[in-house]
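The values are calculated or read from the model by the stated rules, or taken from the named source; none is laboratory data. Keep in mind it's a predicted model, so treat the numbers as computed, not measured. Cβ placement follows ideal geometry from the backbone for every residue including glycine, while neighbour counts extend to all protein chains displayed. These accessible areas exclude ligands, DNA and RNA; they are computed on the full protein's heavy atoms, side chains included. Shrake-Rupley method; radii C 1.70, N 1.55, O 1.52, S 1.80 Å.
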Amino acid sequence: MKLSRAAKRTLLAIMAIGFTFIYLPLLLVVINSFNTNKSFAWPPTGFTTEWWSKAAVNEGIRDAVMRSFFTALIATTIALILGSFAAAAITRYDFFGRDTISLLFVLPIALPGVVTGIALNNVFTNFFGKLTFFTIVIGHATFCIVVVFNNVAARYRRLGVNLQEASMDLGANRFTTFRLVTFPLIKNALIAGGLLAFGLSFDEIIVTTFTAGAGQTTLPIWIFQNLFRPNQAPIVNVVAAALILISILPIYLSQRLTADKG
Amino acid sequence: MQRSPKARAASLISLPLAWLLIIYIGSLFALFITSIWKIDTFTSEVIREFTLQNFIDVVTDRAYFNVTIRTLIVAISVTLICALIAIPMAFFMARIARPKSRPVLIALVLTPLWASYLVKIYAWRTMLYPDTGFLNWLISPLGGSSPGFGMIAVIIGLSYLWLPYMVLPIYAGMEKLPNSVLDASADLGAKPGRTFFGVVLPITWPAIIAGSIFTFSLSMGDYITVQILGGTFQMLGNVVYQNFSLNLPFAAAVALIPVMIMIIYLGSVRKTGALDNL
Amino acid sequence: MRVGKHRKLAALVAIGTLLLAGCSSSSDEGSGAYAGPVKDTPGTINVLAWPGYAEDGSTDPNVDWVTPFEEATGCTVNVKTYGTSDEAVQLMQGGGYDVISASGDASLRLIYGGDLQPVNLDLIPNYVGIFDNLKDRPWNTVDGKNYGVPHGRGANVLQYTLGKVNPAPTSWSIVWEPNSPAKGKVTAYDSAIYIADAAVYLMATKPELGITDPYALDQTQFDAAMALLAQQRPLVAEYWSDYTKYIGAVQSGNITVGTSWQVIANVLNGEKATVGAVKPVEGATGWSDTWMISSKTEVIDCAYKWLNHIITPDVNAQAAEWFGEAPANSKACALTDNKDHCKLYHAEETDYWSNVYYWKTPTEECLDGRTDVKCVPYAEWVKAWSSFRNQ
């Protein structure tokens, strides 16, 4: 589409403003992780790497990161399996109630998290008696399934059925077709969906506060507990800054993967 | 021997469906059923005796009507702000930026999603402190001052948080626009502005709606940002959160409000095909 | 589609089961207390505590009475703090916690809800040192059974930022009256129990209402308290329940005066004097806290060891001094770093406490003994508070 230079420049300006808006608070977080002043009044009073070294040896952070990691891992695995099954079923077949079920798969992310949280809390505390690590995983897996479902369903829709039918006409059975034809084609959607689900689970706080048992500290819960504590707040900024830096690569890679196809 | 397609569909859908039905719908049902029950006024335990008092309380108390309206205002404002920022950005990234830089740009938009909800909102809290915050420092030479904590701060914070959720679907929608359509519009004599409003927006409308589902729903239920940036301002999420342990039936009755609003919204946008764009 | 039908049936059965489970399970009957003796079984206890009660070195590396306990007993401790008694009740009812430091407005709710078990005081050697006027009190003893050991008591203080509030206030009027010099920078406690603070102020300013116990309010008195809260709202910057958030708000100047705990003032004054804290002339609400044991704990030996440890004179002294409250163990007074600590916090007096109204749960049966009227029960307090906060 041909655009006048003025229009292009306006758009570029909006882009710049948009990215400034997005990154300014994050920049403040990173700056504050080096700030000698613990109360984050602006402007910062001095430079120090003390918080970074403290964060590196902090056991609470390590436990929290591990717990979040495994929660996200298990939840994403469940989601990849169940989500892709559901995506295949809904986009490739026509059956009674398909549209309603399709709507059902939107609900976990369309309905407010606080409602999901108290609903799960109610069931877990009355059914299981208490909250545990697995109650966290169950909560996360529920919305992770939806995230994977969306990604894979979108991919299936763009794919169509022709390739599979051709493969089977040529004599491959269903499983071989899936292995050699379908799976490579949806692989990238699975990766993108899985990465997004992993990220959402890793950062999830709203439902997690309702489903985490005593002593089950995921990273967001650890952050919540330490965010306002004067001695710990700078370390929280370190954790956040580290998360930002670590996550850039996987996100970029997942974008490259989904951009190639379709 | 081919199994019937219906059987294959059933076996594929059964496990995920069972999960959603039992765990998700089941727990929602268990929650909402308590809204017709009572509590022991001393121990706060739920007593399975029928009562409509919870609904009467929600409907007759002016405060809950006010908080619903305020929550809707916030959710709509956040959606509009996110859309206003996201549409030009997505358009630029999808159609003007070089194809090689697109993944980089998207990655840049998505990276903040990993930077911890809480830390981002806390960063805004420190930025918005009335006298000592960063924003005050920035704009007081120009005569402005920080809006402080309240509804405006909450709208800013929530718009900030959900912006990537709006950019992504719109970007995907704009990327799918066939060049032929745009070229045809130009060939027919439309200036770029006309093409944008007359062709691009209508075609990507489902994607925009899809993004709005996220921003709307996430804002309707939020209580953490409100606690941190809201001052004395409260939204529906806070009402539910405050009451769920001491008066679960009442909290369940209140929780029905955002749920019904979202279901109505979902139902009305279904026709636009937005649900395929999530 | 037979496969599908069976799936649907299974789902329905599961939902039905969930429905039944969704109703609250009937509480356990208060079983007898642990007979003992306390063995050396290791374990992990999950402790629910007010901030400052179970310090493990993470707030200040020099303030730690949890690690010595862990080293001495082999029991590992996880501490979770909460901001209000309501939060405490909710967490305790959710399960998974073994020990809790409950205030008087939480303890009875938990006892009657079956969440706590009676405590066998013979297994807690340090109990003998507890002040007599803290033993066998209505909020920790029911039907002759003791449910815990006292931790300490204190008043909710009026805190003000030095230099920003002049002259130093001595009355609660600065947070209640419309012409307050601190308008817009006041804070109030974000819990329904704060209505009692309004009642305390009314006891002094509107004696014609006849309030004698701020937790025993009939409908007229209650409405007056709610009206006072509505009058206060324009003055309030934020309602607080998270003490660390409160500290940050005071440091940034967003809040200059309001109800607070001594521990908050102590932390703020840690590096240099920033705030002052007083019990105003009208009196104040307060709390008398008890360490209690969950009825469902699986680490009973560690739990008893914790209870005994926390009221050791030395530990009680550390905790009372860090938090800024009167200790429960009389022998702690000799062990505080500041030799005047017990005098400062009136631990051994009775006069001081005559206008400190410990948190307790309001019931329909008036707690001040009146039988001619019905008082407003706590569930209604919560409803009114929720409605008020959302106006």
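So that you can scan it fast, the table gives a plain yes or no per residue for (1) surrounded by fewer than 17 Cβ atoms within 10 Å (Cβ to Cβ); (2) within 28 Å of C:GLY94 (Cα to Cα); (3) in contact with a Ser or Thr (Cβ under 6 Å, 6 or more places away or on another chain):
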site: C:THR274; (1), (2), (3): no, no, no
site: C:TRP291; (1), (2), (3): no, yes, yes
site: C:SER295; (1), (2), (3): no, yes, no
site: C:CYS302; (1), (2), (3): no, yes, no
site: C:TRP306; (1), (2), (3): no, yes, no
site: C:ALA328; (1), (2), (3): no, no, no
site: C:LEU335; (1), (2), (3): no, no, no
site: C:SER354; (1), (2), (3): yes, no, no
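Taking region C:108-123 as the range and being touching a strand residue (DSSP E or B) at 6+ places or on another chain (Cβ under 6 Å) and either of a type in the set (A, V, I, L, M) or assigned to a loop (DSSP other than H, G, I, E, B) (or both) as the test, the residues that pass are C:LEU110, C:ILE111, C:LEU116, C:PRO118, C:VAL119, C:LEU121.
Of all residues in region C:50-67, those that are without any contact (Cβ under 8 Å) to a residue 24 or more places away in the chain, away from every other protein chain (no Cβ under 12 Å) and either part of a strand (DSSP E or B) or open to solvent by less than 10 Å² (accessible area, probe 1.4 Å) (or both) total 2. Listed by position, the helices (runs of 4 or more DSSP H) enclosed by region A:181-262 that each have at least 2 residues that are within 28 Å of C:GLN90 (Cα to Cα) and touching a residue at least 40 places away in the same chain (Cβ under 8 Å) are A:183-203, A:208-211, A:219-226. Restricting region B:241-275 to residues that are within 7 Å of another protein chain (Cβ to nearest Cβ) and within 27 Å of B:ALA210 (Cβ to Cβ), which is modelled with the lowest pLDDT? Residue satisfying both the conditions and the ranking: B:LEU275. Could you please let me know if B:PRO99 is open to solvent by 50 Å² or more (accessible area, probe 1.4 Å) and not hydroxyl-bearing (Ser, Thr, Tyr)? Yes; evaluated as a whole, the condition is true for this residue.
Residues are listed down the side, and each one gets a yes or a no for (1) at pLDDT below 90; (2) farther than 23 Å from A:ALA212 by Cα; (3) not in a helix (DSSP H, G or I):
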| position | (1), (2), (3) |
| --- | --- |
| C:LEU48 | no, no, yes |
| C:PHE69 | no, yes, no |
| C:ASN78 | no, no, yes |
| C:GLN90 | yes, no, no |
| C:GLN93 | yes, no, no |
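If you take the residues of region B:146-190 that are at the interface with chain A (Cβ under 9 Å from one of its Cβ atoms) and among the charged types (D, E, K, R), which of them is nearest to C:SER252 (Cα to Cα)? The residue in question is B:GLU175.
Return a yes/no flag: does region B:4-27 have any residue that is more than 18 Å from A:CYS144 (Cα to Cα), among the β-branched types (Val, Ile, Thr) and open to solvent by 40 Å² or more (accessible area, probe 1.4 Å). There is no residue in region B:4-27 that is more than 18 Å from A:CYS144 (Cα to Cα), among the β-branched types (Val, Ile, Thr) and open to solvent by 40 Å² or more (accessible area, probe 1.4 Å).
Scanning region A:101-108 turns up no residue that is under 26 Å from B:MET262 (Cβ atoms), open to solvent by 10 Å² or more (accessible area, probe 1.4 Å), within 11 Å of chain B (Cβ to nearest Cβ) and outside any helix (DSSP H, G or I). When region C:190-200 is limited to residues that are open to solvent by less than 10 Å² (accessible area, probe 1.4 Å) and touching a residue at least 60 places away in the same chain (Cβ under 8 Å), the one that is farthest from the chain's Cα centre (by Cα) turns out to be C:VAL200.
Scanning region A:34-65 for residues that are within 15 Å of A:GLN232 (Cβ to Cβ) and either within 10 Å of chain B (Cβ to nearest Cβ) or open to solvent by 50 Å² or more (accessible area, probe 1.4 Å) (or both) yields A:LYS38, A:SER39, A:PHE40, A:GLU50, A:TRP52, A:SER53, A:LYS54, A:ALA56, A:VAL57, A:GLU59, A:ARG62, A:ASP63. Give me the residue from region C:216-238 that is assigned to a helix (DSSP H, G or I) and not hydrophobic (A, V, I, L, M, F, W, C) and, out of that set, surrounded by the most Cβ atoms within 10 Å (Cβ to Cβ). The qualifying residue surrounded by the most Cβ atoms within 10 Å (Cβ to Cβ) is C:GLN221.
Does at least one position in region B:65-72 carry a residue that is of a type outside the set (D, E, K, R), under 14 Å from the mean Cα position of the chain (by Cα) and within 30 Å of B:ILE203 (Cβ to Cβ)? Yes, there is a match, as at least one residue in region B:65-72 is of a type outside the set (D, E, K, R), under 14 Å from the mean Cα position of the chain (by Cα) and within 30 Å of B:ILE203 (Cβ to Cβ). Filtering region A:214-240 to residues that are polar (S, T, N, Q) and open to solvent by less than 20 Å² (accessible area, probe 1.4 Å) leaves A:THR218, A:ASN226, A:ASN237.
Is it the case that region C:363-378 has a residue that's within 14 Å of chain B (Cβ to nearest Cβ) and in a helix (DSSP H, G or I)? Yes, region C:363-378 has at least one match. For region A:67-87, indicate whether the set of residues that are in a loop (DSSP other than H, G, I, E, B) and either hydroxyl-bearing (Ser, Thr, Tyr) or open to solvent by 10 Å² or more (accessible area, probe 1.4 Å) (or both) is non-empty. Checked region A:67-87: no residue is in a loop (DSSP other than H, G, I, E, B) and either hydroxyl-bearing (Ser, Thr, Tyr) or open to solvent by 10 Å² or more (accessible area, probe 1.4 Å) (or both).
From the list C:ALA230, C:ALA216, C:ALA196, the lone residue that is farther than 16 Å from C:VAL376 by Cβ and among the hydrophobic types (A, V, I, L, M, F, W, C) is C:ALA230. Among the residues making up region A:136-164, a single one is open to solvent by 40 Å² or more (accessible area, probe 1.4 Å) and in a loop (DSSP other than H, G, I, E, B): A:VAL161.
Residue check: C:ASP132 meets all listed conditions (1) more than 14 Å from chain B (Cβ to nearest Cβ); (2) touching a residue at least 60 places away in the same chain (Cβ under 8 Å) but one, namely (2). Can you tell me which residues in region B:5-50 are under 17 Å from A:GLY117 (Cβ atoms), among the hydroxyl-bearing types (Ser, Thr, Tyr) and facing another protein chain (nearest Cβ under 7 Å)? B:TYR24, B:SER27, B:THR34, listed by residue number.
When residues in region A:110-135 are screened for being surrounded by 23 or more Cβ atoms within 10 Å (Cβ to Cβ), part of a helix (DSSP H, G or I) and within 8 Å of chain B (Cβ to nearest Cβ), 10 of them pass.
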